[in-house]
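Undergrad: Could you have a look at this structure, given as structure tokens, before my questions?
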Amino acid sequence: MFGLTYTWYFINNPRISKINYSYQLIITILIIYSSLHLIYNPFNTSTLVVAMGFINYFFFIPLIIMTPAFFNSIERLIKFLKWLMIISIPIFILGIIQYFLPPDDILNKLVNEDQLFNKVGVYTRSMSVFTFVKTYNVYLLFTLTLLFSYLFYRIKNNLSIWLLTTVLLLGILNMFMTSSRLPIGLLSINFLLIIFFSFLFIPKLRKSLTIFLVFASILFLSIYNLSSTYKIAVDAFFTRATIIETVAERKNLENYKATDRLTDRITAFKYSNESGLFGFGIGTTYQGTGMVLSNYRTDLPFEEEGERIVLELGIIGGILLILLRWSIFLFALLSFLNTKKVSITLLKIALLLVILPPIFFLNNPTFNYFDGFSYWFSFALILALNHIEMKQLNEN
């Protein structure tokens, strides 16, 4: 689907834009540098491995060119958010149903049938229409952050929020049903930052926000106490988190405690001595290429995105990717701070929060397809909003 869309767009728009910004220059350098792995290939990997590596790193980058061309008005973007809200309803309902089904039920069947440990207490961790919990976490974090910001947009414009509030409550319930600690933590931070920004910098919203937050707090506490479904999911999550920490502490298990997992994520250069300057080759740590690799080192217990990137692209590639993500975030941050229209600011803050965690490798845009899509699509929407605001200012 994406390949056909790209082909159609570039056939109709064959001109290549000039490099005007630092992130564009770093993208170009990173592509050229990664292409060297076609020549420098210490493990003699096949072209298939290199091709999969290029897909992982670069496949969604064309979105930053195409998305602003499609979302050329605020009405189109709002229509997208409405559809995102609507299609999320059956996805969230399915996630709730799965939670109370056994792990070997057809609705919970994983691609890898050995992974029947996907549980939290006696309940099954939800993954809805996705093939694994981590992918569903990405969808939930992306969708709920955008819809929460859209909720404030609707409050500002005196629009109904009942359906959107219901969808958000279902989505939050699903997030607890995945029982993943980091995504729930990131979602909580995103919500708090959106509330803080809206209350502090949009005076016209303060009264409405105060009323809404009081109402929302009462509503959430009421649902938690009156709905057994909500109470079960929330309590099971905290019980699981407590048990993991207790067992990890008692048995001195590495990479189980929250602090160990977090440290492992942010130490991207953990295996820099093994990878060297140039790495083992693009695509060599991807979970989908293991079957065609030969003579590959298996003594390195890598898992997180940062350490895998450095193993593949080496120290040079790791530095380039960090510079790329920082340049993208700083560009987005400056555009956010320079936005003059409140409605556009409310939409931008959610997108800014989506592209922030990859700077510290807290999520996985390289090796999780939906993570990669949501990262580049969010940045592309920021570019689209820049064009929309410029158009509006010129019309005025």
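Undergrad: Tell me which of these residue 188 doesn't satisfy, since it passes every other one: (1) under 28 Å from residue 128 (Cα atoms); (2) touching a helix residue (DSSP H, G or I) at 6+ places or on another chain (Cβ under 7 Å).
TA: Here residue 188 clears every test but (2).
Undergrad: For segment 345-361, indicate whether the set of residues that are surrounded by fewer than 24 Cβ atoms within 10 Å (Cβ to Cβ) and at pLDDT below 90 is non-empty.
TA: no
Undergrad: If you don't mind, another one. On the basis of being under 28 Å from residue 9 (Cα atoms), surrounded by fewer than 14 Cβ atoms within 10 Å (Cβ to Cβ) and of a type in the set (Gly, Ala, Ser), does residue 35 make the cut? Reasoning before the result, please.
TA: Numbers: under 28 Å from residue 9 (Cα atoms): yes; surrounded by fewer than 14 Cβ atoms within 10 Å (Cβ to Cβ): yes; of a type in the set (Gly, Ala, Ser): yes.
It is true that residue 35 is under 28 Å from residue 9 (Cα atoms), surrounded by fewer than 14 Cβ atoms within 10 Å (Cβ to Cβ) and of a type in the set (Gly, Ala, Ser).
Undergrad: In contact with a helix residue (DSSP H, G or I) (Cβ under 7 Å, 6 or more places away or on another chain), at pLDDT 80 or above and of a type in the set (Val, Ile, Thr) - does that describe any residue in segment 231-254?
TA: yes
Undergrad: Failed condition for residue 120, given (1) surrounded by 13 or more Cβ atoms within 10 Å (Cβ to Cβ); (2) modelled with pLDDT of 90 or more, with all others met?
TA: (2)
Residue by residue, here is whether (1) β-branched (Val, Ile, Thr); (2) closer than 26 Å to residue 273 by Cα; (3) assigned to a helix (DSSP H, G or I) holds:
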{"residue": "312", "(1), (2), (3)": "no, yes, yes"}
{"residue": "327", "(1), (2), (3)": "no, no, yes"}
{"residue": "330", "(1), (2), (3)": "no, no, yes"}
{"residue": "340", "(1), (2), (3)": "no, no, no"}
{"residue": "353", "(1), (2), (3)": "no, no, yes"}
{"residue": "378", "(1), (2), (3)": "no, no, yes"}
{"residue": "385", "(1), (2), (3)": "no, no, yes"}
{"residue": "388", "(1), (2), (3)": "yes, no, yes"}
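Undergrad: Within segment 362-374, can you find the residues that are in a helix (DSSP H, G or I) and either open to solvent by 10 Å² or more (accessible area, probe 1.4 Å) or within 17 Å of residue 266 (Cβ to Cβ) (or both)?
TA: The answer is 369, 370, 371, 373.
Undergrad: Please list, ordered by residue number, the helices (runs of 4 or more DSSP H) wholly in segment 1-86 having 3 or more residues that are in contact with a Leu (Cβ under 8 Å, 6 or more places away or on another chain) and at pLDDT 95 or above.
TA: Working: elements: 2-12, 22-35, 47-58, 63-70.
Per the criteria, 22-35.
Undergrad: Here's a follow-up. For segment 1-21, which residues satisfy the criterion of being in contact (Cβ under 8 Å) with a residue 40 or more places away in the chain and open to solvent by less than 70 Å² (accessible area, probe 1.4 Å)?
TA: Of everything in segment 1-21, those that are in contact (Cβ under 8 Å) with a residue 40 or more places away in the chain and open to solvent by less than 70 Å² (accessible area, probe 1.4 Å) turn out to be 2, 5, 6, 9, 13.
Undergrad: Also: Restricting to segment 175-217, give me the number of residues that are within 22 Å of residue 159 (Cβ to Cβ), of a type in the set (Val, Ile, Thr) and either open to solvent by 30 Å² or more (accessible area, probe 1.4 Å) or assigned to a loop (DSSP other than H, G, I, E, B) (or both).
TA: 5
Undergrad: Within segment 101-112, does at least one residue satisfy the condition of being open to solvent by 20 Å² or more (accessible area, probe 1.4 Å) and at pLDDT 90 or above?
TA: There is no residue in segment 101-112 that is open to solvent by 20 Å² or more (accessible area, probe 1.4 Å) and at pLDDT 90 or above.
Undergrad: Consider segment 261-278. How many of its residues are assigned to a loop (DSSP other than H, G, I, E, B), among the hydrophobic types (A, V, I, L, M, F, W, C) and open to solvent by 70 Å² or more (accessible area, probe 1.4 Å)?
TA: Selection size over segment 261-278: 3.
Undergrad: For segment 36-44, indicate whether the set of residues that are of a type in the set (Ser, Thr, Tyr) and closer than 27 Å to residue 364 by Cβ is non-empty.
TA: yes
Undergrad: Hey, another quick one. Would you check which residues across segment 42-100 are among the aliphatic types (A, V, I, L, M) and more than 28 Å from residue 344 (Cα to Cα) and list them? Can you show your working first?
TA: Residues of segment 42-100 that are among the aliphatic types (A, V, I, L, M), as a first pass: 48-52, 55, 61, 63-66, 69, 74, 77-78, 81, 84-87, 89, 91, 93-94, 96-97.
Within segment 42-100, 48, 49, 50, 51, 52, 55, 93, 94, 96, 97 meet the criteria.
Undergrad: Restricting to segment 147-167, what's the tally of residues that are open to solvent by less than 10 Å² (accessible area, probe 1.4 Å) and either hydrophobic (A, V, I, L, M, F, W, C) or in a loop (DSSP other than H, G, I, E, B) (or both)?
TA: Our first condition is that a residue be open to solvent by less than 10 Å² (accessible area, probe 1.4 Å); within segment 147-167, this holds for 147, 149-152, 164, 167.
Then keep just the ones that are either hydrophobic (A, V, I, L, M, F, W, C) or in a loop (DSSP other than H, G, I, E, B) (or both); that gives 147, 151-152, 164, 167.
Counting residues in segment 147-167 that are open to solvent by less than 10 Å² (accessible area, probe 1.4 Å) and either hydrophobic (A, V, I, L, M, F, W, C) or in a loop (DSSP other than H, G, I, E, B) (or both) gives 5.
Undergrad: So residue 157 passes all but one of these: (1) at positive phi; (2) modelled with pLDDT under 90. Which condition number does it fail?
TA: (1)
Undergrad: Right, next: Within segment 283-312, count every residue that is modelled with pLDDT of 90 or more and either more than 25 Å from residue 380 (Cα to Cα) or open to solvent by 10 Å² or more (accessible area, probe 1.4 Å) (or both).
TA: Of the residues in segment 283-312, 5 are modelled with pLDDT of 90 or more and either more than 25 Å from residue 380 (Cα to Cα) or open to solvent by 10 Å² or more (accessible area, probe 1.4 Å) (or both).
Undergrad: Right, next: Mind checking which pairs have a first residue in segment 31-51 that is farther than 12 Å from residue 280 by Cα and a second that is aromatic (Phe, Trp, Tyr) and open to solvent by less than 40 Å² (accessible area, probe 1.4 Å), Cβ under 9 Å, 6 or more apart or different chains?
TA: Here the result reads 31/57; 31/58, each pair linking segment 31-51 to a residue that is aromatic (Phe, Trp, Tyr) and open to solvent by less than 40 Å² (accessible area, probe 1.4 Å).
The values are calculated or read from the model by the stated rules, or taken from the named source; none is laboratory data. Since this is a predicted model, take the numbers as computed values, not measurements. A quick note on method: Cβ atoms are made from the backbone with ideal geometry, for glycine too, and the neighbour counts reach across all protein chains shown. Areas reflect the complete protein model, heavy atoms only, side chains present, ligands, DNA and RNA absent. Shrake-Rupley method; radii C 1.70, N 1.55, O 1.52, S 1.80 Å.
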